[in-house]
Every structure is written in structure tokens, then in C-alpha cells.
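Visitor: Pasting in a structure now, in C-alpha cells, and then I'll have a few things to ask.
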Amino acid sequence: MKESKTMSDNINPTYYRKGIETTDYIVSHSMNYLEGNIIKYVTRYKDKGGLEDLKKAEWYLTRLIKVQESNELKLSSLEEIIAEGEISEQIKNRLGE
């Protein structure tokens, strides 16, 4: 039984279990990989990795911002196509017709 507790402690140390468990919080908010890692590193930085963990959180946040900007650009382009009434022509071009 002691091995199980040790294994559990290695996977879910106390700095993830203050208040609500970090994993439970991430799951309860349906976060993706990037979002979850931001929460993970910000949650633990005081007790584990310090500045290094904050820099990791920053890296994931920067990546999430780039993804979001790309998604918004794609949505904006699609809205322009629809507004111009070119949607059917664009679909035909994509299908190679």
C-alpha cells in the first residue's frame, strides 16, 4: 500500500492539491493541452519550479495566443467569403471542380 501512496504522491504532489486539485480544475473547465499546462505551471511555480515554471507558462500562453489569432484570422476570412457571396465558388475551388 505504501508504494501506491508514493506513486500517487509523485504524480499528484501537495502543490497540486491545495484547495481544488489542479487536474480536477482543468477537467472541470474542459481545458485543452495548452490551457491545462498554463494552469499547471502557474499553480506550482511557488512550490516547485519558480521562475522556470513561469517561463513555461508564458511559452504555453504565447502558443495559445498564436493559435487563437490564427483561428480568428480563419474565421474572419470565412466571414468575408460569406459576406461577398463567394462561398459556393470557394467550395467548388477547394473540391477541385
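The values are calculated or read from the model by the stated rules, or taken from the named source; none is laboratory data. This is a predicted model, so every value here is computed, not measured. So basically every Cβ, Gly included, is an ideal-geometry build from the backbone, and we count neighbours across all protein chains shown. For accessibility, only protein heavy atoms count, side chains too; no ligands or nucleic acids. Shrake-Rupley method; radii C 1.70, N 1.55, O 1.52, S 1.80 Å.
Visitor: Output the residue which, of all residues in segment 14-34 that are part of a helix (DSSP H, G or I) and hydrophobic (A, V, I, L, M, F, W, C), is surrounded by the fewest Cβ atoms within 10 Å (Cβ to Cβ). Before you say what the answer is, go through the steps one by one.
Guide: Step one: list which residues in segment 14-34 are part of a helix (DSSP H, G or I), which gives 14-16, 22-28, 33-34.
From the residues that got through so far, the ones that are hydrophobic (A, V, I, L, M, F, W, C) too are 26-27, 34.
On the way: ILE26: 20, VAL27: 11, LEU34: 17.
This residue is VAL27.
Visitor: Quick one: which of LYS40, LYS74, LYS48 is out of contact with any Pro (no Cβ under 9 Å at 6 or more places or on another chain) and open to solvent by 100 Å² or more (accessible area, probe 1.4 Å)?
Guide: On the way: LYS40 fails: open to solvent by 100 Å² or more (accessible area, probe 1.4 Å); LYS48 fails: out of contact with any Pro (no Cβ under 9 Å at 6 or more places or on another chain).
None of the other options fit; the residue is LYS74.
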